[in-house]
Amino acid sequence: MQTFSGLVLVLMVLVCLVSPLRPICDLRVLDHFVREAGDSEVIMRGCRGGCGVMKSYFVPLTRVDFAVWEHIDVQMQAVEVQTGLSVLLQALNTARKTVSNSSLLNTLENNISNLHSLGQIIRSLHLQAESTVLPDDSAPASSQTQEVSSLPELLQVQSSFLRGKVRLLLSAAPACQRQNS
């Protein structure tokens with residue numbers, strides 16, 4: 001009996017490896033990540049010790065001109081979102097190195113994990129977006145980034161980015177449109 005269950009487990013793993021990722025279009029997943037990002041911002045603002053050094057971070061722009069966004073090809077939207085996620089990941093990883101408060105460190109690591117998960121979700125939509133990563137946190141600002149001067153501001157931008165551009169991309173992804181029809 002144990003051999004049979006082991007064989008079933010191996011077959012399930014093989015099926016998962018061979019079959020393509022199914023699109024994840026449920027915006028409740030994103031809502032969960034948005035809530036956690038907001039909670040992280042509140043935790044950071046209340047932090048009293050070991051909260052990291054005051055430092056500047058490059059973060060993605062969160063402003064969206066809806067008239068322009070609607071006319072951008074979904075592939076280009078995906079590139080912009082993936083690039084923004086990469087910039088946020090880079091900033092959070094840099095911030096994590098300056099934090100000694102274990103509760104805050106866990107919160108930052110959870111945010112980093114959530115951003116990685118969002119990247120996987122976007123890949124599941126088969127948009128073929130390739131992100132661009134800035135070489136390091138001291139890289140010059142581009143037209144797609146802005147500079148913030150504290151960890152609470154970084155977390156606020158993360159929350160805004162998820163509520164804005166990421167939500168717009170997930171809502172308009174062709175794979176999700178097919179699923180909802």
Of (1) surrounded by fewer than 20 Cβ atoms within 10 Å (Cβ to Cβ); (2) at pLDDT 90 or above; (3) in contact with a Ser or Thr (Cβ under 6 Å, 6 or more places away or on another chain), His71 fails just (3)
Of those in the stretch 68-113 that are assigned to a helix (DSSP H, G or I) and small (Gly, Ala, Ser), the residue nearest to Gly52 (Cα to Cα) is Ala95
Between a residue in the stretch 144-171 that is on the phi > 0 side of the Ramachandran plot and modelled with pLDDT under 95 and any residue that is open to solvent by 20 Å² or more (accessible area, probe 1.4 Å) and of a type in the set (Phe, Trp, Tyr), which pairs come within a Cβ distance under 8 Å, given they are 6 or more apart or on different chains?
none
Which residues, taken from the stretch 95-119, are hydrophobic (A, V, I, L, M, F, W, C) and open to solvent by 30 Å² or more (accessible area, probe 1.4 Å)?
Leu105
Applying the selection to the stretch 61-90, what residues are of a type in the set (S, T, N, Q) and closer than 23 Å to His126 by Cα?
Gln75, Gln77, Gln82, Thr83, Ser86
Looking at the structure I just gave you, is Leu92 of a type in the set (A, V, I, L, M) and either open to solvent by less than 20 Å² (accessible area, probe 1.4 Å) or modelled with pLDDT of 95 or more (or both)?
yes
Do we find a residue being crowded, with 16+ Cβ neighbours inside 10 Å, in contact with a strand residue (DSSP E or B) (Cβ under 8 Å, 6 or more places away or on another chain) and aromatic (Phe, Trp, Tyr) anywhere in the stretch 32-49?
no
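The values are calculated or read from the model by the stated rules, or taken from the named source; none is laboratory data. All values reported here derive from a predicted model rather than from experimental measurement. Every residue, glycine as well, gets a Cβ built from its backbone with ideal geometry; the counts of neighbours run over all protein chains shown. For the accessible areas, the whole protein counts, side chains as well, though only heavy atoms, and no ligand, DNA or RNA atoms are used. Shrake-Rupley method; radii C 1.70, N 1.55, O 1.52, S 1.80 Å.
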